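The values are calculated or read from the model by the stated rules, or taken from the named source; none is laboratory data. Here the structure is a predicted model, which is why all the values come from computation and not from measurement. Heads up, the Cβs are rebuilt from the backbone with ideal geometry, glycines too, and the neighbour counts pull from every protein chain shown. Keep in mind that these areas ignore ligands, DNA and RNA; they rest on the heavy atoms of the full protein, side chains included. Shrake-Rupley method; radii C 1.70, N 1.55, O 1.52, S 1.80 Å.
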Amino acid sequence: MIGQALDRRDGTFKVTGRAAYSYERQDAGQAAHGYMVGAAVAKGRIVAIDVAMARRAPGVALVMTHQDVAPQGARDGTVAEQFARPWPVLIGDEVAFFGQPVALVVADTFEQARAAAALVVVTYATDAGAFDLAAHRGEAYTPKMAAAGFPADTCFGDLDRAMADTPVNVDVTYTTPHHFAQPMEPAACLASWNGDDLAVCVSVQGIAACRNALARTLLIAPERVHVDAAFVGGGFGSKLRLHEETVLAALASRRLQRPVKVAHTRRQVFNIAGHGPEMIHRVRLAARRDGTLLGIGHDVNMQGARREEYVEQAATVLRSLYAAPHRLTRHRVTNLDLNLGEAVRGPGEAPGLLAVESAMDELAIALDLDPIELRIRNEPDLDPERRVSFSGRRLVECMREGASRFGWAARPRRPASRREGDVLVGFGMSASIRACFQGATAAIVRMEPDGRVIVKSDMTDIGTGTLTILAQVAAGALNVPIAGVSVQLARSDLPVSAGSGGSWGASNTCNAVYRACDDLRRKVMGPASLWGREADLASEVARRFPDGVEGEGILPGMQDDPNYKEYSVNTYGANFAEVGVDVTTGEVRLRRMLGVFCAGRIVNPKTARSQVIGGMIWGVGAALHEAAHVDPRYGNFVNGDLAEYLVPVHADIPAIDAIMLDDFDDKANPLGIKGVGELGICGSGAAVANAVFNATGIRVRDFPITIEKLLPGLPVR
Amino acid sequence: MSSNVGRRTFLKTTAAAVLAATESGSNLQAVNAQTIAKASSAAPTRLTVNGNDLTVDLDSRTTLLDALREHLQLTGTKKGCDQGQCGACTVLVEGRRINSCLTLAVMHDGQAITTIEGLGTPDKLHPLQRAFVAHDGFQCGYCTPGQIMSAAGVLDEVSRGVPSHVTRDLTAAVRLNDTELRERMSGNICRCAAYPNIVAAIRDVAGYRA
């Protein structure tokens, strides 16, 4: 079953509107509606908060502010698992970022709650804030670590000397903007209490992290928190952490002793849900005339926030991508009075590779060398910094296969050399790398006496295809028809997984389910050496296990898996893009795009291709559309809605294809699976950016590449 | 707000829910909100939803979207932005597609509404629903009902000869192609970015070749 392009199991529910997302759940009966009130200043103190009018408004059951909120667990950066940290709300009178929730209004209906929320009158003492990264870049500090366990800095040899000694080098500064996940379902929570037990239907990526974070926040035992995230309308990193809507719904529901549901408005998603922070990237590449790199460097200075440290691992991408004896990668953080940064799809790689893979293109131009050839000449034998072997590195193959399929040989050799009427045409390519992680994951597989199989895991399916691929793995491992396999996911009474996020959900959970199947079969059939007649499994269960039988499977975390110490485990790819740029208007149109990827064994080519294409389109957005802009006077995101924060729409996206190399990485895990959730966005934006340069001869180093940045350089018509 | 506040305090006092550009503007909106809160009233509204004649007592501020989701338990229609920017709430009113978040339910008294639940059922899928599954035209599924209802609207618009921004010849019969389809579907955002698969699904049903 592994490798079959099956339709999504939940497809029928989703296309008929029967899939109930958290705000829509009817489990707890009629819920009251909560509406969050956000701070109208970015930095300061609440001097007075007048809730009298709101309390008197029709239908209002509760107005909660910092003056009457229940005690909660304090923020605690020492909790090792970032996503399980407490997230207290309405604590004190301090305002730390624009839109920070300062009150919750609960009423019988949404209309009543929204209207009453507008009657909460808050008086602030406003402090001057720092909002502009470029202006404050000199105040950056050196963090102890980057996110995901990476060292903040690495240094080998002497990059400055390599830059001085080599004939061809690039020393360029790129900027990547505040970037938002913006899943289509705004984060929401429906909370209800039964005695001391809290039930939440919530849109999150990880069940156990949500349970633990909520328990720590509410100061109750984790066992008292029951989490259900049956359907989640996208996450892309923004639903990894607990957020205000969930804590507020839980607190209000406890106060009122009735179910309460709270959702972000779309504008609140921009204020509350966390963003990939703005970054300034200095990339240095020092090469010989033949293109051999002697030095590479990536310095990243990013926005931070004082209340907690978040260091997106953007300067890690170069650490294993290319060989060079002299290497320097560094993360610096500039704290501003903005919301805390959080993971957004491809954290690290997405902004990091935009800069690095654009700079590699600049070097190829300086050398007058095919950018694919430049990359091939710097292909490392070993991971250059960790000095361990690569597992499943087929980057060169991805580039060659992609070049052949895309027709790379027909590219315009000189920038701004191909014109079709009023359109300048260009080709661009880039390389992709995404680090693989492995998180401790348990699963249970049960076979009933009638042969039905039930797979159990608290793993979520946020659009990733988990429901479908776990059924495929179990059906294949137990040799039973897939129609007889049901999959239970995303509840806190199920075995704990590492959740969805970090491109590890498929590999973690498929392996745990496979091991559970193995365990089940051993319990029924004895040692593996006795197996042979597979069809006997179900009849043996029917004969000898009147109550059914369960197998348990556990995959250790990467820290307990020697392969992750002995090998550098990554996924790879190459992206190719063709763009047309209107010579008069500067409008960039993507014409076609191809990605070729090497990501281990693909469990379901249909769902994997969809995920990878989706990621590539995020790359298009990062290159051409997406940027959240801060008003330097007030510290708010001025374009905080989906009309002003531009994301790719149908008209932006022509034919796009993704090819997955036939692959199996036995070092990654027993099933040879690696994740694809983020690989598509890694580097793809740079392919588009490089195509824009090839079309126009204009190198825009301030992403995204929008019309006003191209117009001054376009040829006179 | 008390009436004896000084101008300075008044200017510093902001209505908290308003994402204000100017402080005085926020106060204006706070005053408006008071008026709105007092003005709310229930009105019986007759709707024909998916062929069923219904009468609902609705707060006049209730959008068609919230009437469907919160009062009729038809949650297949999604709230993605509540401000007409994402298309997740697309339904058909009298056969024409509309962002149901941008219109009040009371404005549709006596009208026929078709939602995703009325287009097809799990046992009897509409061809568009079947094609979305076959072409994997979604991932998380949250924008999907809106995409499908919008596609149903597009196919009808084309059959009626309604041109779009990219229609080259306004005097000739409108023919659907990928460019037309992408233009007409661009009000429906899919953050999973299933666009190529969505287009393939609709193309399949529309019966033209890429």
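A dipole drawn for the range A:439-555 from +1 and -1 charges on Cβ atoms has a positive end, and of A:A542, A:T441, A:V487 the residue lying farthest that way is A:A542. Approximating the spin labels as points 7 Å out from Cα along Cα→Cβ, the A:D450-to-A:R522 distance works out to 3.0 nm. Rounded to the nearest 20, the size of the Cβ-charge dipole of the protein assembly as shown about its Cα centre is 500 debye, with Lys and Arg at +1 and Asp and Glu at -1. The residue list A:F110, A:G73, A:A147 was ranked by how far each Cα lies along the charge dipole of the range A:52-178 toward its positive end, using unit charges on Cβ atoms, and A:F110 comes out on top.
Rounded to the nearest 20, the Cβ-based charge dipole of the range A:439-555 about its Cα centre (Lys and Arg +1, Asp and Glu -1) stands at 160 debye. Accessible surface area normalised per residue over the protein assembly as shown is 35 Å², counting heavy atoms of protein chains with a 1.4 Å rolling probe. Shown in residue order for the range A:342-352 are the 3J(HN,Hα) couplings computed by the Karplus curve 6.51 cos²θ - 1.76 cosθ + 1.60 at θ = phi - 60°: 9, 5, 10, 1, x, x, x, 4, 4, x, x Hz (x for Gly and Pro).
Among B:L181, B:L72, the order of accessible area from largest down is B:L72, B:L181, computed with a 1.4 Å probe on protein heavy atoms.
Across the accessible surface of chain A, with the other protein chains kept in place and a 1.4 Å probe, carbon and sulfur atoms take up 50 percent. Rounded to the nearest 500, the 222 nm mean residue ellipticity of chain A from helices alone is -7500 deg cm²/dmol, with -39,500 (n - 2.57) taken per DSSP H run of at least 4 residues.
The HN-Hα couplings worked out from phi for the range A:600-607 by the Karplus form 6.51 cos²θ - 1.76 cosθ + 1.60 (θ = phi - 60°) are x, 6, 9, 6, 9, x, 6, 5 Hz, whole numbers, x standing for Gly and Pro.
The smallest convex shape that holds all Cα atoms of the range A:448-496, its convex hull, gives 73 Å³ per residue.
Sparse packing (at most 16 other Cβ atoms within 10 Å of the Cβ) combined with a DSSP loop state is found for the following trypsin sites (Lys or Arg not before Pro) in the range A:122-188: A:K144. Contact order, relative form, for the range B:42-119: 39 percent (alpha carbon pairs under 8 Å, 6 or more residues apart, mean separation divided by residue count). Gap in Å between the Cα centre of the range B:133-200 and the Cα centre of the range A:110-144? A separation of 39 Å, based on Cα centres. DSSP beta bridges confined to the protein assembly as shown are antiparallel in about 75 percent of cases. List the residues of the range A:396-418 whose backbone N lies under 18 Å from a point placed 7 Å from the Cα of A:I376 along the Cα-to-Cβ direction. Residues A:396-413 qualify, since their backbone N sits under 18 Å from the label point. Take each peptide in A:32-39, A:613-620, A:251-258, count the other Cβ atoms within 10 Å of every residue, and average; sorted highest first, the result is A:613-620, A:32-39, A:251-258.
Label sites at A:D702 and A:D662, each approximated as a point 7 angstrom past Cα along Cα to Cβ, lie 5.0 nm apart.
Across chain A, C-alpha contacts under 8 Å between residues 6 or more apart give a mean separation that, scaled by the residue count, equals a relative contact order of 16 percent.
What shape does the range B:42-119 have by the C-alpha gyration tensor, where a ≥ b ≥ c are the square roots of the eigenvalues, rounded means a/c under 1.5, and otherwise prolate means a/b greater than b/c and oblate the rest? Because a/c hits 1.5 or more and a/b fails to exceed b/c, the range B:42-119 counts as oblate. Set the Förster radius R0 to 45 Å, insert the Cβ-Cβ distance between A:A70 and B:D109 as r into 1/(1 + (r/R0)^6), and round the FRET efficiency to 0.05. Efficiency, from the Cβ-Cβ distance: 0.55. As a length-normalised measure over Cα pairs under 8 Å and 6 or more apart, the relative contact order of the range A:439-555 settles at 41 percent. Basic side chains Lys and Arg get +1 at the Cβ, acidic Asp and Glu get -1 at the Cβ, and with that the dipole of the range B:42-119 about its Cα centre reaches some 260 debye.
Give me, ordered by chain and number, the residues 5 or more places off A:C436 or on other chains with an amide H under 5 Å from its own placed amide H. The answer is A:V569, A:N570, A:T571.
Rounded to the nearest whole Hz, the Karplus-based 3J(HN,Hα) values (6.51 cos²θ - 1.76 cosθ + 1.60, θ = phi - 60°) of the range A:131-140 follow the sequence 10, 10, 4, 4, 5, 10, 4, x, 8, 5, with x at glycine and proline.
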